[in-house]
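Contents: one structure, followed by commentary.
Only the coordinates and a few stated rules stand behind these numbers; no lab work does. Fair warning: this is a prediction, and the values are worked out from it, not measured in the lab. So basically every Cβ, Gly included, is an ideal-geometry build from the backbone, and we count neighbours across all protein chains shown.
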Amino acid sequence: MLRFLVKPADGHKLTTELHGAHLYGADGVPVRADVRYADGQIICDAKSQTPLGLSLLWPVAGVGVVQLETTRLPLRREPYHLHLELARHRLMRISLKREEWGLFDYSGMEEISASIDQARDSFVAAMEAQPDVSAVARLSDRSLEQSVLASERMSRFHASVFLGRRHQSGGFSRQFLGAAAPPVANKTALLRRAAEVIDFLRIPMTWRELQPKEQEFRYDNVDEWLKAATPAKMPMRAGPLLNFGVRSVPDWMYIWENDIDSILDYARDHVRRTVQRYAAQVNSWTVVSGLHADAVFPFTFEQIIELTRMAATVTKQTAPRCQVILDITQPFGEYYARNQRTIPPLLYADMIVQSGLPFDAFGLQFLFGIDSEGFHLRDLLQVSALIDRLAQLGKPLHITGVGVPSQPESDAGGIAPGGEWHGPWNEETQANWLEAFIEIAMSKPYVECVCVDALVDGPSAGVAHGGILREDLSPKLAFKRLADIRKRLQSEPQK
């Protein structure tokens, strides 16, 4: 059993609902456990006897409410001090990334390095203050605030260095900024507006909508998008072709729930038919999305890999010159703590590479600010580190969906249930976060593009109020900010 003492300082909020709380083991893989709050402690019951860490949504002064972790700790009778362990883990992560990025003694890092040193001094003071629980909490919170702020500044500093290098080498001459197409009636007006900020539009290919009945096919909406895009000269990408979440699977498919051969046959026909129909207009396909994380059918590990193999192979056979992308959703893998029939995201990615499937890039989604498993806010260092980790598999990366809200969820009491960044979500906060994210992602030479999850607010958006345009197509601040980034990066580099 793991137990953690919790003693929030004055002005800090703590919800006993423990949003996003789960344990994780080796390689950051979540493990099944019962996590609850009682009598000033967080109590974690897990079957595993190996060292485990706790991850949960946590308020950090000056930063907001973000998903943080402790270090992995051996099980013991005595409780650990949660505030101290959160601070310890962040300092450890900073040290590892600082070494990996080569930022020790790097010119321009002096002020950030001084902030890291202050965070370390506060942590040492917290260690020395034991067994005074209140003093430990206060000093640990100070260390955590200093270290998270410093780590975000370090991530942005690292991004600025490599973004500049990539710009100077002409690395942004290709299309790199896109958005997902919403279900709107006036597509021509939207495309005219969208051309001010994006290079390409991604057309959703939801199986449920394209084939609502077994022998009924509805491609009218996709046809309309392609018809409108031709005179607007807006490049189109498409997908995902296969997603087995509840909002994507046709109702008529449920009768084949326990017949994997029939599911494969119907899925194969859908992929081949759709790619064949649009092969001349679309040259980049997201063929599967989230198979590792979310499925209404009880697929085994082998069946998930086989579905992925089939979709990639059929797409390549039907359109040999197209780009095939395999999409990873909920990339921090919290879902695996609840449902161990799923596959941890990095294990899925590794198995795909080892299997030799014919695909060109991994897709990666970052949707935050929702009070739902897998969508609690992560800070910039965590995002940057995860992108680096996936890149080690040797495939290019496409950010196929990124989004945060422009206004908060309804007040549920306590801390913001989906997380918040430098204050409650509003249009300015959304713009600041998206700007920071795009600069970090595009500073990495293996990231080829970023696609905003929602171009326009509306029910189709993965994140409520996550669009860069309002429903009346008027621009939010994020729209202007992204247009500025695109203009800056696509400008001619100075000699």
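Could you give the length gained by full extension between L73 and D472, i.e. 0.36 nm per residue of separation minus their alpha carbon distance, to one decimal place?
Working: separation 399, 0.36 × 399 = 143.64 nm, distance 5.12 nm.
Gain in length upon complete extension: 138.5 nm.
Approximating the spin labels as points 7 Å out from Cα along Cα→Cβ, the V29-to-E110 distance works out to 4.7 nm.
Expressed in nm to one decimal, what extension gain is obtained for the pair Q494 and E428 from 0.36 nm per residue of sequence separation less their Cα-Cα distance? Gain on stretching Q494 to E428: 20.7 nm. Name the shape class, rounded, prolate or oblate, that the alpha-carbon gyration tensor gives for the range 2-163, where a ≥ b ≥ c are the square roots of its eigenvalues, rounded holds for a/c under 1.5, and otherwise prolate holds if a/b is larger than b/c and oblate otherwise. Prolate. A helix-only calculation puts the chain at -12500 deg cm²/dmol for mean residue ellipticity at 222 nm, using -39500 (n - 2.57) for each DSSP H run of at least four residues, averaged over all residues. So what's the angle, to the nearest 10 degrees on a 0 to 90 scale, between helix 82-100 and the longest Cα principal axis of the chain? Tilt relative to the chain: about 60 degrees. Classify the range 166-490 from the C-alpha gyration tensor, please: rounded if a/c falls under 1.5, else prolate or oblate depending on whether a/b exceeds b/c. It is rounded, given that a/c, with a ≥ b ≥ c, falls under 1.5.
Couplings for the range 51-56, taken from phi via the Karplus curve 6.51 cos²θ - 1.76 cosθ + 1.60 with θ = phi - 60°, read x, 10, x, 9, 10, 7 Hz in order; Gly and Pro are left as x.
Distance between the modelled labels on Q49 and W256, one decimal in nanometres: 4.6 nm (7 Å Cα→Cβ projection). Classify the range 300-404: rounded, prolate or oblate, from the alpha-carbon gyration tensor (a ≥ b ≥ c, eigenvalue square roots; a/c under 1.5 rounded; otherwise prolate if a/b is larger than b/c)? Taking the square roots of the gyration eigenvalues as a ≥ b ≥ c, the range 300-404 is prolate. Annotation: aspartates and glutamates with alpha-carbon distance below 15 angstrom to K7 (same-chain offsets under eight excluded): D39, E85, D132, D141.
Summing Cβ point charges (Lys, Arg +1; Asp, Glu -1) relative to the Cα centre of the range 163-217 gives a dipole of roughly 300 debye. Which stretch or stretches of the range 268-284 have amide N atoms under 20 Å from the point lying 7 Å from D223's Cα along the Cα→Cβ direction? Hits in the range 268-284 for D223 at 20 Å: 270-283.
For the range 166-490, the relative contact order comes to 17 percent (Cα pairs under 8 Å, sequence separation of at least 6). Projecting label points 7 angstrom from Cα along Cα→Cβ for M1 and Q276 puts them 6.2 nm apart.
Once the Cβ-Cβ distance between V124 and E100 is put in as r, and R0 is 25 Å, what FRET efficiency do you end up with, to the nearest 0.05?
So, using R0 = 25 Å, E works out to roughly 0.55.
Annotation: amide H-H contacts under 5 Å for L242 (H modelled 1.01 Å from N, sequence separation of 5 or more, or interchain): V288, S289.
Restricting to the range 166-490, compute how many DSSP beta bridges are antiparallel as a %, nearest 5.
Working: 2 of 33 bridges.
Bridges in the range 166-490 that DSSP calls antiparallel: roughly 5 percent.
Taking a straight Cα-Cα cut-off under 22 Å and skipping sequence neighbours fewer than 8 places away in the same chain, the lysines within cross-link reach of K480 are K187, K233. Can you tell me the FRET efficiency between R247 and E373 if r is taken as the Cβ-Cβ distance and R0 is 22 Å, rounded to the nearest 0.05? Using R0 = 22 Å, I get an efficiency of 0.90.
Cross-link partners of K395 among lysines, defined as those whose alpha carbon lies under 18 angstrom from its own and excluding same-chain residues fewer than eight positions apart: K316, K444.
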